[in-house]
Amino acid sequence: MEQWWWYFWFSIISLFGASLGNWIHRWRNPKCNGKLPPGSMGLPLIGETLSFFVTSNSIDIHPFVAQRMKRYGSLFKTSLAGRPVVVSLDPDFNNFVLQQEDKLVELYYMDSLAKLVHQDDMKNIGGAFHKYFRRVILSHFGHEPLKHKLLYQFEDVINHELQGWSKLPQVDLKHQTASMLFNMASKILMSCVPEENLGHDLSDILQGLMTFPVYFPGTAFYKCLKVKICIQGKLHPYFLIQFLSWYWSPMNK
């Protein structure tokens with residue numbers, strides 16, 4: 001009888017070990033119709049999220065990106081917040097992907113941003129309006145307008161902000177910069193200066209988006225959604241998402 005129980009538990013443990021090993025193998029080697037770039041999927045479920053969210057005081061490329069770029073090149077796979085992703089630092093490849101939107105690739109928002117702006121509602125706006133709004137953005141912030149007109153405006157605004165910051169005992173540079181960028185974008189696109197606190201609210205949203213989408217008091221994402229409710233009547237969600245995209249593009253290069 002004892003021998004039978006020994007075989008029984010041995011079979012259970014062996015089956016569990018085999019299932020666990022198979023699950024880990026499938027996690028580290030996700031299915032793909034094509035060929036995935038080199039990289040690491042990290043630990044099961046959490047992937048490399050902990051390394052990604054480690055703060056850095058450097059103004060250079062984030063250590064998470066720099067280390068993997070040195071090891072794997074400008075295109076690598078990883079897993080962040082439970083989702084497999086491919087990170088591209090190749091300008092040519094990024095340009096190709098942007099040109100293939102609605103053809104080979106589909107616009108998709110990360111979980112925190114999708115919950116913030118209701119991804120299904122954004123899709124219902126329609127691709128025509130999305131493309132129109134993109135043309136408006138490029139007409140105001142493209143290479144030529146930036147070179148011939150915006151640089152002088154940016155210089156005046158930055159000088160004004162620096163004078164204000166010089167009178168403060170301390171400055172949260174990331175927070176203040178996000179607020180300044182939003183105010184400049186609003187003035188150029190809508191010919192108006194938004195309410196003073198709106199830029200700071202957008203900065204709080206930016207910080208909350210780079211966290212786990214956990215709606216629990218005390219978390220950054222909880223604060224992010226609370227701020228979103230406060231500004232809901234002041235800012236259309238489509239302008240919000242376009243500003244976030246515009247903000248991340250230059251900051252991530």
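Listed by first and then second residue, the pairs linking a residue in the stretch 156-176 that is within 23 Å of D60 (Cα to Cα) to a residue that is modelled with pLDDT under 85 and among the small types (G, A, S), with Cβ atoms under 8 Å apart and 6 or more places separating them unless they lie on different chains, are K174/S203; H175/S203; Q176/S203. The residues listed here are S51, S40; of these, the one that is modelled with pLDDT under 85 and farther than 19 Å from V105 by Cα is S51. Residues in the stretch 1-17: is at least one in contact with a helix residue (DSSP H, G or I) (Cβ under 6 Å, 6 or more places away or on another chain) and without any contact (Cβ under 8 Å) to a residue 40 or more places away in the chain? No: zero hits.
The values are calculated or read from the model by the stated rules, or taken from the named source; none is laboratory data. Computed from a prediction, not measured in an experiment: that's the story for all the values here. Because the Cβ atoms are built from the backbone with ideal geometry, glycine has one as well, and the counts that use them run over all protein chains shown.
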